[in-house]
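See below for the structure under consideration.
What follows is calculated from the coordinates using simple rules that are stated; it is not laboratory data. All values reported here derive from a predicted model rather than from experimental measurement. Reconstructed Cβ throughout: ideal geometry from the backbone, glycine too, with neighbour counts over all protein chains shown.
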Amino acid sequence: MSSTRERRGGRQNGSDAESAVSRSTAVYRTLKRAIIEQALAPGAKLPEDSIGERLGVSRTLVREALLRLDSEGLVELRPNRGACVAQPSLEDGKGIFAVREALERLVVQELAGKLTPEQRRRIEAHVAEEEKAAGRDTATSIRLAGEFHTLLAEMTANALLARYVNEVVSRCSLILALYGRPHSAECGVSEHREVLAALLAGDPARAGDLMTSHLHAITHRALLPGGEQDIRDVLSAYAKAEGL
């Protein structure tokens, strides 16, 4: 009997642990998406109690999510002052974009002429989504624009390269929110189409040049940050998407 109870207890404890990890990941994804889509502006305060209250989770899970975001450069954990969305300097931004340019040039050079039929269908469908959202849904356009770049990086099957691209793309969203000007989503999508065409044509040099030009251009096309925000209101829609 005792061994049966122990097995049941073990399964229950394992299930509880998996549930906690899942909810922690959902909190992380909720906050990250709100930051990437610029719903939470650079410098916005991230109080653990307000976040936990809105998402229906403990402060411990919120803290775990904030720690992950801090390691990715999206959040600043300030001793005795709480957390806030990171506010990189303009000099930081120049360095981040320089790294991103080198990484993404490598991505397209690796992929030129090598996309599988499934990868081609997937990236073409993604660009079609971008075109559909352009001019209609700013937040979705911002998210999809970034995902175009991370999706290409994932297709290289180089996990380290994909990880680095994902991180710099996320950090660039903060730079653009702080220092960019209002942008044209339609222009960004057309540039994605040009990069994709070069990839399908198997021209790594042109693909690399187009990606570099595109990255230079997007620094001038971003939303300016808004005013004071209530984090509970901002997170509402994102929480629903993550099942919180």
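Things worth noting here:
- A full extension of the chain between A98 and R122 corresponds to an added length of 5.9 nm, given 0.36 nm per residue minus the alpha carbon distance.
- At R0 = 30 Å, FRET efficiency that the Cβ-Cβ distance of E129 and L160 yields, to 0.05: 0.65
- Taking amide H atoms as placed 1.01 Å from N in the peptide plane, the amide H of V75 lies under 5 Å from those of D70, A86, each 5 or more residues away in sequence or on another chain.
- Gyration tensor verdict on the range 54-118 (Cα atoms; rounded if a/c is under 1.5, prolate if a/b is larger than b/c, oblate otherwise): oblate
- For the range 79-130, the list of trypsin sites (Lys or Arg not before Pro) that fall in a loop by DSSP and count at most 11 other C-beta atoms within 10 angstrom reads R81.
- Where labels lie 7 Å past Cα in the beta-carbon direction, separation of S213 and L67 in nm: 4.6
- Whole-Hz couplings from phi, Karplus 6.51/-1.76/1.60, listed for the range 104-116; x for Gly and Pro: 6, 5, 4, 4, 5, 5, 5, 8, 3, x, 10, 5, 6
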